[in-house]
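Enquirer: One structure, as structure tokens, below. Some questions next.
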Amino acid sequence: MSKIGKKPIALPSNVTVEVGEDRVVVRGPHGTLECPYEPAYVSIKVQDGQVVVERKGDRAAFRARHGLYRALLANMIQGVTQKWHKALEIQGLGYRARLEGRTLVLELGYSHPVRFDLPQGIECTVPEPTKINIQGTDKALVGQVAANIRALRPPEPYRGTGIRYRGEEILRKAGKLGAKG
């Protein structure tokens, strides 16, 4: 039995889960999320204030999907009750960010400012010009948006400038040590 898959998911009082033929809809105070699933591999039931995922076989494909769908459901339930968030930091001389409506404008040392349009379902705040906070109900979308923003100027190992996750450690390289002059 999967260690993750066999754990039931506690359902908060303000969240409803509707299980259809091949998709699950989770509604909560922060929005609605929908996820398809494969009914040939698992069955999803809502009982006694809990969501239970049971697999229909014991082969590797069944075991893999058992833990997967349980984890996806747990992430959806947590997302509609308390939003997922990622924090980014910008380091570098003259590097800064600002928000213009639904567009994040980043000055990252290029000859032009980089404009990043935020997708639907993502909220962004810029409390300081060097800090970006990203929030949303969908865990995968929040992580993907944060990764896309970070990829605009990833941290470089010599000076440490660029966009990084808050608290991320960057391995620094020594640079040229043997130069004579």
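Enquirer: Going by what's in this entry, would residue 135 be described as under 17 Å from the mean Cα position of the chain (by Cα), part of a strand (DSSP E or B) and not aromatic (Phe, Trp, Tyr)?
Expert: yes
Enquirer: When you go through 130, 103, 81, 125 one by one, which is the residue that is closer than 30 Å to residue 6 by Cβ and either out of contact with any helix residue (DSSP H, G or I) (no Cβ under 9 Å at 6 or more places or on another chain) or of a type outside the set (A, V, I, L, M) (or both)?
Expert: From the options 130, 103, 81, 125, the qualifying one is 81.
Enquirer: List pairs: first residue in region 65-89 and without any contact (Cβ under 8 Å) to a residue 24 or more places away in the chain, second residue surrounded by 22 or more Cβ atoms within 10 Å (Cβ to Cβ) and among the small types (Gly, Ala, Ser) anywhere in the structure, Cβ distance under 8 angstrom, at least six positions apart or on different chains.
Expert: Filtered contacts from region 65-89: no entries.
Enquirer: Let me confirm something: among 171, 93, 141, 68, which residue is in the same structural domain as residue 44 (by TED's automatic domain parsing) and either part of a loop (DSSP other than H, G, I, E, B) or under 30 Å from residue 8 (Cβ atoms) (or both)?
Expert: Going through 171, 93, 141, 68 in turn, just one is in the same structural domain as residue 44 (by TED's automatic domain parsing) and either part of a loop (DSSP other than H, G, I, E, B) or under 30 Å from residue 8 (Cβ atoms) (or both): 68.
Enquirer: Can you tell me which condition residue 40 does not meet? The list is (1) among the hydrophobic types (A, V, I, L, M, F, W, C); (2) outside the structural domain of residue 129 (by TED's automatic domain parsing); (3) touching a residue at least 60 places away in the same chain (Cβ under 8 Å); (4) exposed (fewer than 13 other Cβ atoms within 10 Å of the Cβ), and all the others hold.
Expert: Tallying (1) among the hydrophobic types (A, V, I, L, M, F, W, C); (2) outside the structural domain of residue 129 (by TED's automatic domain parsing); (3) touching a residue at least 60 places away in the same chain (Cβ under 8 Å); (4) exposed (fewer than 13 other Cβ atoms within 10 Å of the Cβ), residue 40 fails exactly one: (3).
Enquirer: Go through region 49-68 and give me each residue that's crowded, with 18+ Cβ neighbours inside 10 Å and among the polar types (S, T, N, Q).
Expert: Of everything in region 49-68, nothing turns out to be crowded, with 18+ Cβ neighbours inside 10 Å and among the polar types (S, T, N, Q).
Enquirer: Hey, can you tell me all the residues within region 14-49 that are of a type in the set (Gly, Ala, Ser) and farther than 18 Å from residue 83 by Cβ?
Expert: Once the filter is applied, which keeps residues that are of a type in the set (Gly, Ala, Ser) and farther than 18 Å from residue 83 by Cβ, region 14-49 yields 20, 40, 43, 49.
Enquirer: Let me ask something additional. Kindly check whether there is at least one residue in region 83-97 that is under 21 Å from residue 33 (Cα atoms) and either surrounded by fewer than 17 Cβ atoms within 10 Å (Cβ to Cβ) or of a type outside the set (Lys, Arg) (or both).
Expert: Yes - at least one qualifying residue is present in region 83-97.
Enquirer: Out of the residues in region 1-35 that are in the same structural domain as residue 70 (by TED's automatic domain parsing) and hydroxyl-bearing (Ser, Thr, Tyr), which is modelled with the lowest pLDDT?
Expert: 13
Enquirer: Search region 50-61 for residues being of a type in the set (A, V, I, L, M, F, W, C) and touching a residue at least 40 places away in the same chain (Cβ under 8 Å), and hand back the single one that is nearest to residue 81 (Cα to Cα).
Expert: The selected residue is 51.
Enquirer: Here's something else I'd like to know. Would you pick out the residues in region 120-139 that are over 18 Å from residue 164 (Cα atoms) and exposed (fewer than 13 other Cβ atoms within 10 Å of the Cβ)?
Expert: Within region 120-139, just 120 meets the criteria.
Enquirer: A further question on this structure: Quick one: would you say residue 118 is without any contact (Cβ under 8 Å) to a residue 40 or more places away in the chain and under 30 Å from residue 55 (Cβ atoms)?
Expert: Here the answer is no, as residue 118 does not meet what is asked.
The values are calculated or read from the model by the stated rules, or taken from the named source; none is laboratory data. This structure is a prediction, so every number in the text was calculated from the model and none was measured. Here the Cβ is made from the backbone with ideal geometry for all residues, glycine too, and neighbour counts use every protein chain on show.
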